[in-house]
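Take a look at the structure below.
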Amino acid sequence: MKLVRGIIVCLLLSIFARAQDESAPEHFQRFSVMPVIAYSEETELEYGGLLVLFFKPFEGSAHVSTIDLVALGTTRNQYGFRVSPDFWLLADQVHIPSIFRLYKWESSLFERGSRGDFDAIDIYERTFFKGYVPIELSFGIPDWLPFRYGPVLDGETRKNRLGEIIPEGSEDGWFLGGGYRLVLDERDNRNWPTKGYYTAFEEIFYGGNFRFHTEELDLRFYTPLFWRTSLALGAYFKQSRGSDIPVSYLAGSDGTKRFRGIDCGLWNDNQAMIFQMEFRRPLFWRLAGTIFGETFQSGPYFSEMLKRKMHYSVGFGGRLALNRSEKLHARGDISLIDGKHIGLTIDLREAF
């Protein structure tokens, strides 16, 4: 992978939202918009915008429902569109945090496994549509237990224009998966948690042109410290099993939330583990700051991962509140990976 210089030409041009009198309890912010421009060697000039729609809690619900819309383009003729409806229904007994993506993107192809280098072995263009729909339910669960359960649907259809190398798992095709999800969620705020915990386990079985299954375990802990600073700790484990696993579904970093600042797919393998630590503090006006560290390792088996040297990342980030009452932020993170690679991440909401 090329060295990302992470030069932000103009991260925040402006925010357009309804005027808000925070002392008026009847006021409700309906939307926020943020245009973004950035530059890196992978994408060259990247431009786009973020739009978040907020919906008043439905009857009997305490949570605000949202829809995130993200549109991106680059001067390398790459385009992407993401829609993330997050709905709380039936007195908060149904939670649907879904994600849909439509992308035409030039991607780097990496050799499987954690070998410590950043160089791609080929470049290919992929056009894909992906949908992920978990349905978290709390029917029959006592109020004192923050537990949710339910089915998960996930699938993808794609058409790739490959380079000289056609590795296993990069062929055109489609696949659809179904599984289950278990969640324990005791955070004080879903967008900017300062205390509590979050645990989720998910298993999905896929069929179609590819047959495989995945398992994920997500552990998070939050606690306040001092001077309005809070500490966030995270541990993430993923396992992908099968003889024909798509490259995009191997275990590893996603580049934006899990081990930020590297290309999605770099060092991915059948199993991966990621550990995260982050200090967060509000600053002034709508601004907040973070300092973070992360470690990552992957391998074909868990025992093999323990023998390999961990990759590490340290960095800092800025936050801009798009909705102060909901504590929803746009974020920009700059990280130094393995002491030699600079990565840039721009996204909505916290990494974990």
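The values are calculated or read from the model by the stated rules, or taken from the named source; none is laboratory data. Every value quoted in this text rests on a predicted model; they were computed, and no experiment measured them. Quick reminder, even Gly has a Cβ in these numbers, built from the backbone with ideal geometry, and neighbours come from all protein chains shown. The protein model used for the area step is the full one, side chains on, heavy atoms only, and it has no ligands, DNA or RNA in it. Shrake-Rupley method; radii C 1.70, N 1.55, O 1.52, S 1.80 Å.
Summary table
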{"read-out": "Conditions (1) modelled with pLDDT of 95 or more; (2) buried (at least 16 other Cβ atoms within 10 Å of the Cβ); (3) not acidic (D, E); number of the one not met by G178", "value": "(2)"}
{"read-out": "Within the range 68-84, tally of residues that are open to solvent by less than 20 Å² (accessible area, probe 1.4 Å), in a strand (DSSP E or B) and of a type outside the set (G, A, S)", "value": "3"}
{"read-out": "T256, sole failed condition from (1) of a type in the set (V, I, T); (2) under 21 Å from H311 (Cβ atoms); (3) not in a loop (DSSP other than H, G, I, E, B)", "value": "(3)"}
{"read-out": "Condition met for A330 (buried (at least 22 other Cβ atoms within 10 Å of the Cβ) and assigned to a strand (DSSP E or B))", "value": "yes"}
{"read-out": "Tally, over the range 185-209, of residues that are farther than 17 Å from Y132 by Cα and open to solvent by less than 60 Å² (accessible area, probe 1.4 Å)", "value": "10"}
{"read-out": "Residues of the range 210-226 satisfying the condition of being outside any strand (DSSP E or B), open to solvent by 20 Å² or more (accessible area, probe 1.4 Å) and in contact with a strand residue (DSSP E or B) (Cβ under 7 Å, 6 or more places away or on another chain)", "value": "L225"}
{"read-out": "Failed criterion for G293 (all others in (1) at pLDDT below 85; (2) surrounded by fewer than 20 Cβ atoms within 10 Å (Cβ to Cβ) hold)", "value": "(1)"}
{"read-out": "Of the criteria (1) in a strand (DSSP E or B); (2) of a type in the set (A, V, I, L, M); (3) over 18 Å from the mean Cα position of the chain (by Cα), which one M273 fails", "value": "(3)"}
{"read-out": "Of the criteria (1) more than 27 Å from D143 (Cβ to Cβ); (2) crowded, with 18+ Cβ neighbours inside 10 Å, which one S243 fails", "value": "(2)"}
{"read-out": "Test: residue in the range 282-293 that is touching a Lys or Arg at 6+ places or on another chain (Cβ under 9 Å), free of Cβ contacts under 8 Å to residues at least 24 places away in the same chain and of a type in the set (A, V, I, L, M)", "value": "yes"}
{"read-out": "Index of the failed condition, D172 passing every other in (1) at pLDDT 95 or above; (2) over 23 Å from G234 (Cα atoms)", "value": "(1)"}
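For (1) out of contact with any Leu (no Cβ under 7 Å at 6 or more places or on another chain); (2) hydrophobic (A, V, I, L, M, F, W, C); (3) modelled with pLDDT under 80, each residue gets a yes or a no:
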{"position": "Q20", "(1), (2), (3)": "yes, no, yes"}
{"position": "E26", "(1), (2), (3)": "yes, no, yes"}
{"position": "Y39", "(1), (2), (3)": "no, no, yes"}
{"position": "L50", "(1), (2), (3)": "no, yes, no"}
{"position": "F55", "(1), (2), (3)": "yes, yes, no"}
{"position": "T66", "(1), (2), (3)": "no, no, no"}
{"position": "Q93", "(1), (2), (3)": "no, no, no"}
